[in-house]
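Q: Have a look at the structure that comes next, please.
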2 protein chains.
Amino acid sequence: MSFSPLINQLISAFKYLPGVGNKTAQRMAFHILQRNKEGGRQLAQILAAAIAEVGNCSNCRTLCELEICSICNNPARDASLLCVVETPADIVSIEQTGSFRGKYFVLMGHLSPIDGIGPEQLGMQYLRSKLQQGTITEVILATSTTVEGETTAYYIAEMAKGLPNITATRLALGMPLGGELEHLDHSTLARALNQRSKVV
Amino acid sequence: MSFSPLINQLISAFKYLPGVGNKTAQRMAFHILQRNKEGGRQLAQILAAAIAEVGNCSNCRTLCELEICSICNNPARDASLLCVVETPADIVSIEQTGSFRGKYFVLMGHLSPIDGIGPEQLGMQYLRSKLQQGTITEVILATSTTVEGETTAYYIAEMAKGLPNITATRLALGMPLGGELEHLDHSTLARALNQRSKVV
């Protein structure tokens, strides 16, 4: 015995969300049906609208319901700096620092041959033609410091090496602010030591 | 700066789900938009359908898209036994034990004056008229063993006391199977001691 068919279907559908198992899906279904039908109605409607309308920015590939996203469309941003990130969420993180005034390119993932994600899936051909246009002078590789992220950064660095007047840079590796030395992992500490800078 | 308007709306809408904060909502939105549009489409559709169609069983008050739920409609179930539970999920738990062949009444909550939940909100008037019909001989109070659950059970027990030929019972309190004595809380252990039974 279980719930009525429609409730069972709803519980199954909630499991499409990441990190949602059976118990959580059940709690979500009952919460919405018992206490927040209005919220559920809005979620259903916005979800359908977002799925129908959100695509990728035709310039930087970020998720966006417009043809060109607001950053690509902003003439005040420095077009000679291109920051390559893995996901749209990374753009938000970098924008929140207020330290970057260039433009972005979103890979929507990282190289992962085992999952069938190669250069084409990440739009490397678009990135290459962007770099070949001659406007960009620096490409900042802001992929993750995981094995896949490093491999992806290396791939793009190699691509940039073949093009004239483009410098490829990588985010600095080292101790995080507020980090305690004894809790830092060995690899990061080794990198921080190797790349130590002079105190002025 | 943040995401495009529709993506921001989607992230906000996911926060209507219980236990979903900003980071989780963001992860859900990107997962659906990047990797599982089909799942998202199904979720939107089933959610809208469930909100439109699921109501309460007119007999036992459980969540159900039918007028009368399948348990209430089953003539093989013993109509003289009524098990009172707090939520539809409790019915599933009890059904899974295979130890109960009676019918249910779902309060859809527990008495909680501070949240404005009194006897009417829990449908106590329907429960009273059910008990007055004369079919039911035993009402099993299967509410939680929290303060609110105990209060709710006490309220129903008092109601049953005034009616002829109805026994109110409560689920046994004691050690859980596989429980270790040293890890048991004091109140449960005290109840288990007081209600000890003779070994035959």
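Q: Could you tell me how many degrees, from 0 to 90 and to the nearest 10, lie between the Cα long axis of helix A:5-14 and the main elongation axis, the longest principal axis, of the Cα atoms of chain A?
A: Taking the Cα atoms of chain A, the angle to A:5-14 is about 10 degrees.
Q: For A:LYS15, list the lysines whose Cα falls under 21 Å from its own Cα; do not include residues on the same chain fewer than 8 positions away.
A: Cα-Cα hits under 21 Å: A:LYS23, A:LYS37, B:LYS15, B:LYS23, B:LYS37.
Q: Can you run the Rg to Rh ratio on region B:5-53? Use alpha carbon positions and the Kirkwood inverse-distance Rh.
A: Here the Rg-to-Rh quotient is 0.98.
Q: Here's a follow-up. Can you tell me the 0 to 90 degree angle between the C-alpha axis of helix B:88-97 and the longest principal axis of chain B, rounded to 10?
A: Once rounded, one gets 60 degrees.
Q: Which whole number in µm²/s is D for region B:50-95 by Stokes-Einstein, with the Kirkwood Rh taken over Cα pairs at 20 °C and 1.002 mPa s? If you can, show how the numbers build up before the last one.
A: Values: Rh = 11.3 Å.
Rounded to a whole number, D works out at 189 µm²/s.
Q: Turning to a different aspect of this structure: Take the Cα coordinates of region A:1-92, assign each an equal point scatterer, and use the Debye formula without solvent to give log10 I(q)/I(0) at q = 0.16, 0.18, 0.22, 0.24 Å⁻¹.
A: -0.80, -0.89, -1.09, -1.20
Q: Same structure again: What's the average, rounded to a whole number, of partner chain beta-carbon atoms within 10 Å of each residue's beta-carbon in A:54-66?
A: Details: counts 10, 1, 2, 1, 0, 0, 0, 0, 3, 8, 5, 5, 3.
Mean partner-chain Cβ count within 10 Å for A:54-66: 3.
Q: I would also like to ask the following. Taking all protein chains in place and a 1.4 Å probe, what share, in percent, of the accessible surface of region A:101-165 do carbon and sulfur account for?
A: Details: 1860 of 3430 Å².
That fraction is 54 percent.
Q: Which FRET efficiency value, to the nearest 0.05, do you get for A:GLN34 and B:ALA172 by plugging their Cβ-Cβ distance into 1/(1 + (r/R0)^6) with R0 = 22 Å?
A: Once the sixth-power term is evaluated, E becomes 0.20.
Q: Rounded to the nearest Å, what's the spacing between the alpha carbon centres of region A:43-90 and region A:129-200? Just the number, please.
A: Cα centroid of region A:43-90 versus Cα centroid of region A:129-200: 24 Å apart.
Q: To confirm my reading of the symmetry, which residue of chain B has the Cβ nearest the axis that brings B onto A, and what whole-Å distance does it have?
A: B:ALA44, 2
Q: Can I ask one more? Hey, got the dipole for the protein assembly as shown? About the Cα centre, +1 on K and R Cβ, -1 on D and E Cβ, debye to the nearest 20?
A: Numbers: 34 positive and 34 negative charges, 26 e Å.
Its charge dipole is roughly 120 debye.
Q: Still on this structure: Percent of alpha carbon pairs in the protein assembly as shown separated by more than 30 Å?
A: On the way: 46994 of 79800 pairs.
When every Cα pair of the protein assembly as shown is considered, 59 percent fall beyond 30 Å.
Q: Taking B:GLY134 in one copy and the same position in all the others, each labelled 7 Å out along Cα→Cβ, what are the pairwise distances from the first, in nm, shortest first?
A: 9.9
Q: Okay, next question. Could you work out the relative contact order of chain A? I mean the mean sequence separation of Cα pairs under 8 Å and 6+ apart, divided by the number of residues, in percent.
A: Values: 223 pairs, mean separation 24.6, N = 200.
Dividing the mean separation by the residue count of chain A yields 12 percent.
Q: Something else now. Calculated FRET efficiency, A:LEU184 and B:ILE68, Cβ-Cβ r, R0 60 Å, to nearest 0.05? Walk me through the numbers on the way to the answer.
A: Working: r = 63 Å, r/R0 = 1.06.
Rounded to the nearest 0.05, the efficiency is 0.40.
Q: Still on this structure, I have one more. In Å², what does the accessible area per residue of region A:77-198 work out to with a 1.4 Å probe? Numbers along the way, then the final one.
A: Details: 7220 Å² over 122 residues.
Roughly 59 Å² per residue, with all protein chains present.
Q: Peptides A:175-187, B:153-165: what's the order by average Cβ count within 10 Å, highest mean first? Walk me through the intermediate numbers first.
A: Working: A:175-187: 8.8, B:153-165: 14.8.
My ranking of the peptides, most packed first, is B:153-165, A:175-187.
Q: Gain in length, A:ASN22 to A:GLU150, computed as 0.36 nm per residue apart minus the alpha-carbon separation, to one decimal in nm? Don't skip to the answer; put the middle values down first.
A: Working: separation 128, 0.36 × 128 = 46.08 nm, distance 3.54 nm.
Gain on extension, A:ASN22 to A:GLU150, equals 42.5 nm.
Q: Now, a different point. At 37 °C and 0.692 mPa s, grab the translational diffusion coefficient of chain A from Stokes-Einstein with a Kirkwood Rh over Cα pairs, rounded to a whole number in µm² per second.
A: On the way: Rh = 20.3 Å.
It comes out at roughly 162 µm²/s.
Q: When N is the residue count of region B:116-187, what does its C-alpha Rg come to as a fraction of 2.2 N^0.38 Å? Intermediate values should be presented prior to the final figure.
A: Working: Rg = 15.2 Å, N = 72, 2.2 N^0.38 = 11.2 Å.
Expressed relative to 2.2 N^0.38 Å, the Cα Rg reads 1.36.
Q: Could you report the accessible area of B:LYS15 in Å², rounded to 10, computed with a 1.4 Å probe on the protein chains as they sit in the structure?
A: Accessible area of B:LYS15: about 90 Å².
The values are calculated or read from the model by the stated rules, or taken from the named source; none is laboratory data. Because the structure is predicted, anything quoted here is derived from the model rather than measured. Every residue, glycine as well, gets a Cβ built from its backbone with ideal geometry; the counts of neighbours run over all protein chains shown. The area values use the complete protein model at the heavy-atom level, side chains included, leaving out ligands, DNA and RNA. Shrake-Rupley method; radii C 1.70, N 1.55, O 1.52, S 1.80 Å.
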